[in-house]
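Taking it in order: structure first as structure tokens, then the write-up.
The values are calculated or read from the model by the stated rules, or taken from the named source; none is laboratory data. Values in this document were obtained by computation on a predicted structure and should not be read as measured data. Don't worry about glycine lacking a Cβ; one is built from the backbone with ideal geometry, like all the others, and counts go over all protein chains shown.
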Amino acid sequence: MNSANSIACIIPCYNEAPRLRKVFNIASKSQYLDRLICVNDGSTDATGDIVAHEYPKVNLITNPKNLGKTRAVIKGLAHVTEEYVLMLDADLHGLKLSELDNALSVAKKGTYDMIVMRRTRHKPYVKLLRGDILISGERIVRTDVFKKRRCTNRFKAFKLRQRLTSMH
């Protein structure tokens, strides 16, 4: 592991060229992230080129073909040596640096095994669709707990979230 309570961020990407800059711009400015990992999951657009050229400090891992989000996260996790891992989607809307850094600063204290981020400024219909905090995709998890719970097995993304949520 790196320094105490270090944090890596995994961002799986599949054909996200038109959308990825918003999330990468914010994540790359965070004072609390020690490493950014992008798993380009077989994109057929300019996703890999954008990450490689515009974000040279990002660890770019490329799958030659699309294997799905869960396998992309698993591949990224294999490269994580940090104490914690943050999982972000490349197409998030409304992510704010202050909110991200607030959650990451809590993780840096090393008190929790998992932190689930929940943004509450969505329109009411989005809250209904995404209202269950337990299946939120933005979460910070202790890497050793993530691996210990065998969350790296191959199963669908929803089951990955269920497994993470059931951690005690």
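Would you confirm, using the coordinates I've provided, whether Arg19 is surrounded by 14 or more Cβ atoms within 10 Å (Cβ to Cβ), of a type in the set (Lys, Arg) and farther than 27 Å from Glu83 by Cβ? Yes; evaluated as a whole, the condition is true for this residue.
The set of residues in the range 22-49 being in contact (Cβ under 8 Å) with a residue 24 or more places away in the chain and of a type in the set (S, T, N, Q) consists of Ser28, Ser30, Gln31, Asn40, Ser43, Thr44, Thr47. For first residues located in the range 87-102 and surrounded by fewer than 16 Cβ atoms within 10 Å (Cβ to Cβ), partners that are small (Gly, Ala, Ser) and not in a loop (DSSP other than H, G, I, E, B) and lie 6+ apart or on another chain with Cβ distances below 9 Å form the pairs Leu97/Ala27.
Screening the range 1-14 for residues that are surrounded by 18 or more Cβ atoms within 10 Å (Cβ to Cβ) and in contact with an Asp or Glu (Cβ under 8 Å, 6 or more places away or on another chain) and picking the one that is farthest from Ala52 (Cα to Cα) gives Asn5. Consider the range 50-60 and keep the residues that are surrounded by fewer than 20 Cβ atoms within 10 Å (Cβ to Cβ) and in contact (Cβ under 8 Å) with a residue 24 or more places away in the chain. The one that is farthest from Ile115 (Cα to Cα) is Glu54.
Residue by residue, here is whether (1) over 14 Å from Asn40 (Cα atoms); (2) of a type outside the set (Asp, Glu); (3) out of contact with any Ser or Thr (no Cβ under 7 Å at 6 or more places or on another chain) holds:
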| position | (1), (2), (3) |
| --- | --- |
| Ala72 | no, yes, yes |
| Glu83 | yes, no, no |
| Asp89 | no, no, yes |
| Leu95 | yes, yes, yes |
| Glu99 | yes, no, yes |
| Ala107 | yes, yes, yes |
| Thr111 | yes, yes, yes |
| Met117 | yes, yes, no |
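For the range 35-51, a residue qualifies if it is of a type outside the set (Val, Ile, Thr) and in contact with a Cys (Cβ under 9 Å, 6 or more places away or on another chain), and the qualifying residues are Arg35, Leu36, Cys38, Asn40, Asp41, Ser43, Gly48.
Do we find a residue being assigned to a helix (DSSP H, G or I) and either over 17 Å from Ala27 (Cβ atoms) or at pLDDT 90 or above (or both) anywhere in the range 111-124?
First, pick out the residues of the range 111-124 that are assigned to a helix (DSSP H, G or I): 124.
Cutting the leftovers down to either over 17 Å from Ala27 (Cβ atoms) or at pLDDT 90 or above (or both) gives us 124.
Yes, the range 111-124 contains at least one residue that is assigned to a helix (DSSP H, G or I) and either over 17 Å from Ala27 (Cβ atoms) or at pLDDT 90 or above (or both).
Taken over the range 63-79, the criterion of being crowded, with 17+ Cβ neighbours inside 10 Å and closer than 24 Å to Asn25 by Cα is satisfied by Asn63, Lys69, Thr70, Ala72, Val73, Ile74, Lys75, Gly76, Leu77.
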